[in-house]
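The next block holds one structure in the form of structure tokens; read it before the comments.
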Amino acid sequence: MSQPATSTDTATPFSAILLVLLAGLTFSILDTSAKYLVQSGMEAPFVAWMRFAVHVVLVLILFRAWSNRAMFKVVSLPKQVVRGVFLFGSTIFNFMALQTLQLAETVSIFFFAPMVITALAGPLLGEWAGWRRWLAIVVGFVGVLVITRPGYGTFGLGHVYALGAMASYCLYVIMTRQMGAKETAESLIFYSALAPVILMAPTVPFYGSLPDTGFQWAVLLSLGLYGAVGHWFLIHAYKQASTSALAPYPYLQMVWMIALGYLVFADLPDMWTLVGSAIIVASGLYIVHRETRLRLQSRSLPNSEARDLAKKL
């Protein structure tokens with residue numbers, strides 16, 4: 001008799017795929033809106049702070065804070081704060097990068113994050129990658145070099161900010177993995193937004209630059225909505241399917257970013273950005289494929305020693 005199919009063998013629900021695609025579209029609109037605001041003269045730190053301030057208000061309403069104690073219950077408040085700082089760092093560096101870079105450029109560099117997370121998971125989480133995945137990480141880094149091309153007069157401050165955004169996001173994800181088993185999902189979402197709002201509030205008078213038009217006000221206030229809705233899409237997508245099953249689909253965000261960059265800013269990525277993006281996406285997809293195979297193999301191996309050996313291959 002054949003063995004029943006495991007959850008990793010079953011088809012990914014279309015609804016989960018659709019939710020991930022909608023999340024990518026929502027986050028692309030968020031970045032497009034932020035780029036519009038910072039290029040119109042608003043300060044990136046203030047735009048980032050407003051994005052999280054609105055996010056906090058929406059989370060309080062959506063999670064019914066008045067009756068949901070799980071939102072405020074924490075195991076380690078310092079870790080919650082540090083995690084929130086990393087998320088804010090990712091956002092503010094991204095907004096600063098968008099002042100000079102195209103949408104496609106920033107998201108291409110951001111796509112290198114899964115490879116950096118795989119590398120950091122070894123020393124920080126004890127999840128060591130094998131040589132094949134390390135080779136994919138090196139290839140992905142080559143893709144970043146193709147996009148930034150240091151030494152050829154194209155590497156600028158915007159690329160530094162984009163790399164900073166990606167690095168901050170990686171540390172945010174690593175801390176999420178560390179804290180996910182102990183902290184409630186509600187508290188992780190709430191404090192990641194509340195921490196930067198409180199910590200950065202004293203700087204608002206220095207960086208605050210109010211919009212000039214009603215349209216700019218609408219765009220500014222919508223940032224928190226896009227962020228909250230995008231995370232809501234992701235949360236419900238991962239309730240229906242595994243992380244590995246959905247991992248390839250966020251890369252389709254590149255399509256949204258190129259389209260919005262052209263429609264709103266008349267930007268089209270050059271050949272180097274497209275080639276570098278293709279290298280990074282291919283490397284990321286290989287890591288997803290490799291980790292999925294290792295997960296399936298580890299279930300069939302008889303003991304922990306054999307499983308550990310498989311992970312090193």
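The values are calculated or read from the model by the stated rules, or taken from the named source; none is laboratory data. Just so it is clear, the model here is predicted, and its values are computed rather than measured. Counting neighbours? That spans all protein chains shown, and the Cβs are built from the backbone with ideal geometry, glycine included. With ligands, DNA and RNA removed, areas are computed over all heavy atoms of the protein, side chains included. Shrake-Rupley method; radii C 1.70, N 1.55, O 1.52, S 1.80 Å.
Just a few scattered comments:
- Conditions (1) open to solvent by 50 Å² or more (accessible area, probe 1.4 Å); (2) assigned to a helix (DSSP H, G or I); number of the one not met by Met115: (1)
- Boolean, Val38 is open to solvent by 60 Å² or more (accessible area, probe 1.4 Å) and in a helix (DSSP H, G or I): no
- Residues of the stretch 56-75 satisfying the condition of being open to solvent by less than 30 Å² (accessible area, probe 1.4 Å) and modelled with pLDDT of 90 or more: Val56
- Looking across the stretch 180-192, the residues that are closer than 20 Å to Ala65 by Cβ and open to solvent by less than 60 Å² (accessible area, probe 1.4 Å) come down to Glu183, Thr184, Glu186, Ser187, Leu188, Ile189, Phe190, Tyr191, Ser192.
- Residue in the stretch 266-274 that is modelled with pLDDT under 80 and among the β-branched types (Val, Ile, Thr) present: no
- Selection from the stretch 193-229 of residues that are open to solvent by less than 40 Å² (accessible area, probe 1.4 Å), more than 16 Å from Leu87 (Cβ to Cβ), modelled with pLDDT of 90 or more and not aliphatic (A, V, I, L, M): Gln216, Ser222
- Taking the criterion of being basic (Lys, Arg) and in a loop (DSSP other than H, G, I, E, B), the residues of the stretch 136-188 that qualify are Arg149, Lys182.
- Of the residues screened, Arg83 is one that is at pLDDT 90 or above and among the basic types (Lys, Arg).
- Of the residues screened, Arg133 is one that is among the charged types (D, E, K, R), part of a helix (DSSP H, G or I), over 22 Å from Met96 (Cβ atoms) and open to solvent by less than 60 Å² (accessible area, probe 1.4 Å).
- Of the residues making up the stretch 138-164, those that are closer than 11 Å to Phe112 by Cβ and crowded, with 21+ Cβ neighbours inside 10 Å number 6.
- Residue tally, condition in contact (Cβ under 8 Å) with a residue 24 or more places away in the chain and not charged (D, E, K, R), over the stretch 130-153: 14
- Flag if Arg299 is open to solvent by 80 Å² or more (accessible area, probe 1.4 Å), among the basic types (Lys, Arg), part of a helix (DSSP H, G or I) and at pLDDT 65 or above: no
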